Amino acid sequence: MVKAAVLGYGTVGSGIVEVIKTNQKLIDQRAGEQVDIKYILDLRDFPGDPYENLVVHDVQVILQDPEIRVIAEAMGGVEPAFTFTKAALSAGKSVCTSNKELVEKHGAELCELARQNSCSYLYEASVGGGIPILRPLATSLTADHIDAVTGILNGTTNYILTKMDEEGADFDSVLKQAQEMGYAERNPEADIEGHDAGRKIAILASIITGKDADFDQIYTEGITAINPEDFAYAHTMKKAIRLLAIYREKNGSFFAYVAPAMIGRDNPLYGVRDVFNSILVHGNMLGNAMFYGAGAGKLPTASAVVGDMVDCVRSLGKTLPGGWSTEKLPLTDHKSRAKRFLVRIKEEDAAGFREVFGDCEEIRAGIDGELGFLTAEMDENEFEKKASRIREYISRIRVED
Ligand code: HSE
């Protein structure tokens, strides 16, 4: 029997306990040992909860118990999760987590610490919720040079964009629904401003390159400025609006950024709706492979954490692959990557726009007093330079292939 502990009894932590208890027999079979939760760490008490007797308030009880071999960290945030994880790994206890903030910031050193102590630090749930993506990148796609990843990596924003698109719902009420369903971060700004997706693309870029991609260097633009009129243009153009997390390597330059974009029906990500996430990976030998599934929510996320725990139990005393070095990945300014733009302008500014941008495709979405122009492909510096020469524009949105 292998004893385990869960740090944090919130949405994901309680999901981890539920997954283990529901699928106990299967999990034990696959782990090759019985997996028994001995402790749950939380500051709160849970009177009436079936596992209230497992709750402890002092992490030392867990860290100093030699029986504990595997820990699921579902606390979220950098501290105290970082301190607890370091102490656990230093004591040779494997740690599995959904905590993308911590993984993005300290993943490299925590994986190294695990290696030094013959245990593992696994974080499958930190990107794409329940979708297996990190393990395939670390252990399956090892023959390929991965040069492009395009991801829908945030369930909350995909849910909001889907409801705004299909039901004409307003931003605030859909955000509230997503929060009630347990998808959103404690601070929803991380979702709607693209920071959560930014951390996830940083983790993917780090695993792919083996170097540390820094979230602070990643441009993030959220979805708060997207409005019903943008969807009117998208419908006319037979496109969808998605919050895309993009990683590209081109001629030795690395790009990583997050921004809303229009994508067409040919793009495999077009049909990814609601809380679902998807990651489209391109390898130089493989071509495209797409990973799809529930990107947020209690049980899908917990399923990925427990999958990691099973792997740790199977490999006690060993370190499973998946880390990267602390050497920084140099990122090139996202502005130098070329793309097309849909620019909405007032009717009276159309002639001035054409003069500066040349002959662009004109899009009419049935909105009084305005029209859209689809520009030729250009980088963002060039776009901004040209845009500064026109009187004004209402909004612009990137159009990705
Ligand atoms: N808030 C995140 C999302 C949770 O909506 O995708 C999963 O990381």
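Quick one: is residue 157 under 30 Å from residue 369 (Cα atoms), assigned by TED's automatic domain parsing to the domain that holds residue 276 and within 11 Å of the ligand (Cβ to nearest atom)?
Values: under 30 Å from residue 369 (Cα atoms): yes; assigned by TED's automatic domain parsing to the domain that holds residue 276: yes; within 11 Å of the ligand (Cβ to nearest atom): yes.
Yes: the conditions hold for residue 157.
Within 12 Å of the ligand (Cβ to nearest atom), among the small types (Gly, Ala, Ser) and surrounded by fewer than 22 Cβ atoms within 10 Å (Cβ to Cβ) - does that describe any residue in segment 180-197?
yes
Where the second residue is β-branched (Val, Ile, Thr) and surrounded by fewer than 21 Cβ atoms within 10 Å (Cβ to Cβ) and the first is touching a residue at least 40 places away in the same chain (Cβ under 8 Å) and assigned to a helix (DSSP H, G or I) and lies in segment 78-93, which pairs have Cβ atoms under 7 Å and are six or more apart or on separate chains?
Listed pairs, sorted by first residue: 84/59.
Regarding segment 161-177, can at least one residue be identified that is in the same structural domain as residue 274 (by TED's automatic domain parsing), at positive phi and more than 14 Å from the ligand (Cβ to nearest atom)?
Step one: list which residues in segment 161-177 are in the same structural domain as residue 274 (by TED's automatic domain parsing), which gives 161-177.
Filter once more, so that each one left must be at positive phi: 168.
Okay, now just the ones that are also more than 14 Å from the ligand (Cβ to nearest atom), so 168.
Yes, there is a match, as at least one residue in segment 161-177 is in the same structural domain as residue 274 (by TED's automatic domain parsing), at positive phi and more than 14 Å from the ligand (Cβ to nearest atom).
Would you confirm, using the coordinates I've provided, whether residue 311 is farther than 30 Å from residue 370 by Cα, of a type outside the set (Ser, Thr, Tyr) and out of contact with any Pro (no Cβ under 8 Å at 6 or more places or on another chain)? Steps first, answer last, please.
Details: farther than 30 Å from residue 370 by Cα: yes; of a type outside the set (Ser, Thr, Tyr): yes; out of contact with any Pro (no Cβ under 8 Å at 6 or more places or on another chain): yes.
So residue 311 passes the test.
Out of everything in segment 99-139 that is under 14 Å from residue 196 (Cβ atoms) and basic (Lys, Arg), what residue ends up being surrounded by the fewest Cβ atoms within 10 Å (Cβ to Cβ)? Spell out how you get there, then give the answer.
Step one: filter segment 99-139 for residues under 14 Å from residue 196 (Cβ atoms), giving 99-105, 125-129.
If we keep only those that are basic (Lys, Arg) as well, we get 100, 105.
On the way: 100: 26, 105: 19.
Among residues in segment 99-139 that are under 14 Å from residue 196 (Cβ atoms) and basic (Lys, Arg), the one surrounded by the fewest Cβ atoms within 10 Å (Cβ to Cβ) is 105.
Specify which of the listed residues (76, 32, 13, 48) is within 26 Å of residue 128 (Cβ to Cβ), open to solvent by 20 Å² or more (accessible area, probe 1.4 Å) and of a type outside the set (Asp, Glu). Reasoning before the result, please.
Values: 32 fails: within 26 Å of residue 128 (Cβ to Cβ); 13 fails: open to solvent by 20 Å² or more (accessible area, probe 1.4 Å); 48 fails: within 26 Å of residue 128 (Cβ to Cβ).
Step by step, each of 76, 32, 13, 48 is checked, and only 76 is within 26 Å of residue 128 (Cβ to Cβ), open to solvent by 20 Å² or more (accessible area, probe 1.4 Å) and of a type outside the set (Asp, Glu).
Inspect all residues belonging to segment 202-219 and state whether any of them is within 12 Å of the ligand (Cβ to nearest atom), under 14 Å from the mean Cα position of the chain (by Cα) and open to solvent by 50 Å² or more (accessible area, probe 1.4 Å). Even if it seems obvious, please write down each step before you answer.
Taking segment 202-219 as the starting set, the residues that turn out to be within 12 Å of the ligand (Cβ to nearest atom) are 203.
In the following step, the residues that additionally are under 14 Å from the mean Cα position of the chain (by Cα) were identified as 203.
From what's left, open to solvent by 50 Å² or more (accessible area, probe 1.4 Å): none.
Within segment 202-219, not a single residue is within 12 Å of the ligand (Cβ to nearest atom), under 14 Å from the mean Cα position of the chain (by Cα) and open to solvent by 50 Å² or more (accessible area, probe 1.4 Å).
Can you tell me which residue within segment 140-157, out of those that are part of a loop (DSSP other than H, G, I, E, B) and open to solvent by less than 10 Å² (accessible area, probe 1.4 Å), is nearest to residue 11 (Cα to Cα)? Outline the logic, then answer.
The initial filter retains those residues of segment 140-157 that are part of a loop (DSSP other than H, G, I, E, B), namely 141-145, 153-154.
Among the residues that remain, those that are also open to solvent by less than 10 Å² (accessible area, probe 1.4 Å) are: 153-154.
Details: 153: 19, 154: 17 Å.
Only one residue tops the list, namely 154.
Looking at segment 82-92 only, could you name the residues that are open to solvent by 10 Å² or more (accessible area, probe 1.4 Å), over 20 Å from the mean Cα position of the chain (by Cα) and not polar (S, T, N, Q)?
So in segment 82-92, the residues open to solvent by 10 Å² or more (accessible area, probe 1.4 Å) come out as 82-84, 86-87, 90-92.
Subsequent filtering for residues that are over 20 Å from the mean Cα position of the chain (by Cα) retains 83-84, 86-87, 90-92.
Hits for segment 82-92 are 84, 86, 87, 91, 92.
Restricting attention to segment 353-379, which residues are open to solvent by 60 Å² or more (accessible area, probe 1.4 Å) and either among the β-branched types (Val, Ile, Thr) or touching a residue at least 60 places away in the same chain (Cβ under 8 Å) (or both)?
Selection gives 364, 366.
Return the residue satisfying two criteria in turn: it lies in segment 335-352 and is hydrophobic (A, V, I, L, M, F, W, C) and under 30 Å from residue 251 (Cβ atoms), and of such residues it is most open to solvent (accessible area, probe 1.4 Å). Show your work before the answer.
Residues of segment 335-352 that are hydrophobic (A, V, I, L, M, F, W, C), as a first pass: 338, 341-343, 345, 350-351.
Filter once more, keeping what is under 30 Å from residue 251 (Cβ atoms): 338, 341-343.
On the way: 338: 44, 341: 1, 342: 4, 343: 1 Å².
This residue is 338.
Table: residues versus (1) open to solvent by 20 Å² or more (accessible area, probe 1.4 Å); (2) touching a helix residue (DSSP H, G or I) at 6+ places or on another chain (Cβ under 9 Å); (3) more than 26 Å from residue 215 (Cβ to Cβ); (4) assigned to a loop (DSSP other than H, G, I, E, B).
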| position | (1), (2), (3), (4) |
| --- | --- |
| 242 | no, yes, no, no |
| 247 | no, yes, no, no |
| 254 | yes, yes, no, no |
| 257 | no, yes, no, no |
| 262 | no, yes, no, no |
| 273 | yes, yes, yes, yes |
| 281 | no, yes, no, no |
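In segment 306-334, what residues are open to solvent by 30 Å² or more (accessible area, probe 1.4 Å) and at pLDDT below 95?
Once the filter is applied, which keeps residues that are open to solvent by 30 Å² or more (accessible area, probe 1.4 Å) and at pLDDT below 95, segment 306-334 yields 321, 323.
Name, by its number, the condition in (1) open to solvent by 50 Å² or more (accessible area, probe 1.4 Å); (2) part of a loop (DSSP other than H, G, I, E, B); (3) in contact with a Gly (Cβ under 9 Å, 6 or more places away or on another chain) that does not hold for residue 303.
Residue 303 satisfies every listed condition except (2).
State whether the residues of segment 76-87 include one that is within 18 Å of residue 212 (Cα to Cα), within 15 Å of the ligand (Cβ to nearest atom) and not assigned by TED's automatic domain parsing to the domain that holds residue 267. Quick ask: steps written out before the conclusion?
Taking segment 76-87 as the starting set, the residues that turn out to be within 18 Å of residue 212 (Cα to Cα) are 78, 82.
Still in the running and within 15 Å of the ligand (Cβ to nearest atom): none.
No, the conditions are met nowhere in segment 76-87.
Residue 296 is checked against (1) buried (at least 22 other Cβ atoms within 10 Å of the Cβ); (2) away from the ligand (no atom under 16 Å from the Cβ); (3) of a type outside the set (S, T, N, Q) and fails just one. What number does that condition carry?
(2)
Scanning for something open to solvent by 30 Å² or more (accessible area, probe 1.4 Å), in contact with a helix residue (DSSP H, G or I) (Cβ under 9 Å, 6 or more places away or on another chain) and outside any loop (DSSP other than H, G, I, E, B), does segment 38-45 turn up at least one residue? Break it down into steps so the answer makes sense when it comes.
Within segment 38-45, the first condition is being open to solvent by 30 Å² or more (accessible area, probe 1.4 Å), and the residues that meet it are 38-39, 43-45.
Now drop any that are not in contact with a helix residue (DSSP H, G or I) (Cβ under 9 Å, 6 or more places away or on another chain), which leaves 38-39, 45.
From what's left, outside any loop (DSSP other than H, G, I, E, B): 38-39.
Yes, some residue in segment 38-45 is open to solvent by 30 Å² or more (accessible area, probe 1.4 Å), in contact with a helix residue (DSSP H, G or I) (Cβ under 9 Å, 6 or more places away or on another chain) and outside any loop (DSSP other than H, G, I, E, B).
The values are calculated or read from the model by the stated rules, or taken from the named source; none is laboratory data. Computed from a predicted structure; not experimentally measured. Ideal geometry is used to build each Cβ from the backbone, glycine not excepted, and the neighbour counts take in all protein chains shown. What goes into the accessible areas is simple: the full protein's heavy atoms, side chains included, and nothing from ligands, DNA or RNA. Shrake-Rupley method; radii C 1.70, N 1.55, O 1.52, S 1.80 Å.
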